[in-house]
Structures are given as C-alpha cells and as structure tokens.
Amino acid sequence: MPQRPRPTTGAEALAMLKAGNQRYVASLTDPDPSMQKRPELISNQDPVAIILGCSDARVPVEIVFDQGLGDLFVIRVAGNVVAPSQIGSVEFAAEKFGTQLVVVLGHSHCGAVTACVEALINPEQYYSPNLQSIVDRIRPSVYNLHELATATGQDVDADELINRSIRANARMSVSQLKHGSRILEDLVSSGQLLIVGAEYDLDTGIVRFLDC
C-alpha cells in the first residue's frame, strides 16, 4: 500500500476514506479469490472465528490473522472488555452462524489497561465518566496484581504491571464470556464452542495464545 500524506483535519480524513472506498470498489473485479468471494457474502456469512479485540488502530484483526472478507466476525472495544453488548454480539454469531471459536485478543502497549494501572498507582488520576467505565471493567483483573506488587512495600514497576495486566485482562474477559451467558456456557459445555485468550505483540507481530 503506497504511503500517503496523513490527513491534518477531519475533512481531509473523510476525503481519504472516500477515495479509499472508491479504490476498494474498483478492486472488486480483481481476480483475487478474496474479492471474487464478496457476492456470496451479500446474503450469507460463515465466519470461522469470533474475535473480541481492542479498538486500537494498531491491531487490525483481519490483517493480523491474514484473513479475508467474511472470514472473521470482529467485535472491537477499548481494552477488549466484556459488557452486555459484547456478550450479545458473541451469542449472535455463535448461534446464527455456528461459529465454534471465540478469541479474546489483547495486545501489548494497550492504552486502556495502561489507564487502569495508572489509576491504581495514582488514585488522583481523572478520566471522563465514559472512559472510567472502561477502566472499571478492567480494574478487577489488575487490582490483585497491583496489591501483590505493593505487598512488600517496594516501588511498583509500572511497565511490568501493565504487561502482566494485559494478559490478566484477556483471561478475565474469557472467563466472563464463559460464565456470563447461559447460551455461551451451554455451547462451551457441549463442546460446540471454544473460547480462548490471546495477546498480540506490537513489536513482533506474533499472537501468543494464552492458557485460559
């Protein structure tokens, strides 16, 4: 993909997206199999996996897993947190399409987890009520790690705490999906659904699947 000047205004960003869509539409006659598959997806989809990932722009899920149109059912939210809307989205895909794999995808240098760690280290830290609601959903997975790190009275290594918290947060989201929905719990119990956690490393591009 050619390097293009970065937009400096919202209007320029909108123009860039419009131009990009025009290039995409022009590519639909490309002999690439992924483009030829598109007409089939108008009336039906059959994703091989459901991905609950972070909204971070550096983690484009289809690119990370080298998948094409219709291959993944992607749900993205800051901090890959689990709330009723995320659970409902997973339920929908699992029931409607029979998709048998859910991956909760965290990633290194996650801003939402970092915000939660900073709030624990510095209780005076202020976030808007809406951002605070995301931090509050991450907090339980980070709190015990923070308490353990401060139990000896030593200074907290914030970077190490963030790294460990990213994995703990992904594991917590896996647990919430497994046990926060009767539909998903029954599918998991019957062997029709597998839910796992993973961490994407921004530095290497490697996705490490966690032992959840």
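The values are calculated or read from the model by the stated rules, or taken from the named source; none is laboratory data. Please read all numbers here as calculations on a predicted model, not as lab measurements. For neighbour counting, all protein chains shown are included, and Cβ atoms are generated from backbone atoms with ideal geometry for every residue, glycine included. To get the accessible areas, we keep the full protein, side chains included, count just its heavy atoms, and leave off ligands, DNA and RNA. Shrake-Rupley method; radii C 1.70, N 1.55, O 1.52, S 1.80 Å.
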Inset, instruction - At 10 °C and 1.306 mPa s, grab the translational diffusion coefficient of the chain from Stokes-Einstein with a Kirkwood Rh over Cα pairs, rounded to a whole number in µm² per second. - result: 83 µm²/s
Inset, instruction - Give the span of region 96-212's Cα atoms along each principal axis, as three whole-Å numbers ordered largest to smallest. - result: 47, 33, 28
Inset, instruction - Extending each Cα 7 Å along its Cβ direction at residue 48 and residue 121, get the distance between those two points in nm, one decimal. - result: 4.0 nm
Legend entry - Surface share of carbon and sulfur [accessible, 1.4 angstrom probe, percent] for the chain: 53 percent
Inset, instruction - Would you work out which of 84, 60, 111 lies farthest towards the positive end of the dipole of region 54-180? Charges go on Cβ: Lys and Arg +1, Asp and Glu -1. - result: 84
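For region 42-117, what value does the Rg/Rh ratio take when both radii are computed over Cα atoms and Rh is the Kirkwood radius, given to two decimals?
On the way: Rg = 12.9 Å, Rh = 13.0 Å.
Reported Rg/Rh, Kirkwood definition of Rh: 0.99.
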Legend entry - Among 135, 64, 104: highest mean-square fluctuation, GNM of the chain, C-alpha pairs under 10 Å: 64
Legend entry - Probe 1.4 Å, accessible area per residue of region 160-212, Å²: 52 Å²
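Could you work out [θ]222 nm for the chain from helices alone, using -39500 (n - 2.57) per DSSP H run of at least four and dividing by all its residues? Round to the nearest 500 deg cm²/dmol.
-15000 deg cm²/dmol
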Legend entry - Per residue accessible area in Å² of region 54-107, where ligands, DNA and RNA are left out and the probe is 1.4 Å: 42 Å²
Inset, instruction - Provide the per-residue ³J(HN,Hα) series for region 49-66, in order, calculated from phi with Karplus coefficients 6.51, -1.76, 1.60 and θ = phi - 60°, each as a whole number of Hz, with x at glycine and proline positions. - result: 7, 9, 10, 9, x, 7, 6, 3, 5, 7, 10, x, 4, 4, 6, 4, 9, 6
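Only sites in a loop by DSSP and with at most 11 other Cβ atoms within 10 Å count here; which GluC sites (Glu not before Pro) in region 55-157 make the cut?
Counting only loop positions with at most 11 other Cβ atoms within 10 Å, the GluC sites (Glu not before Pro) in region 55-157 are 124.
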Legend entry - Antiparallel DSSP beta bridges within the chain, percent to nearest 5: 15 percent
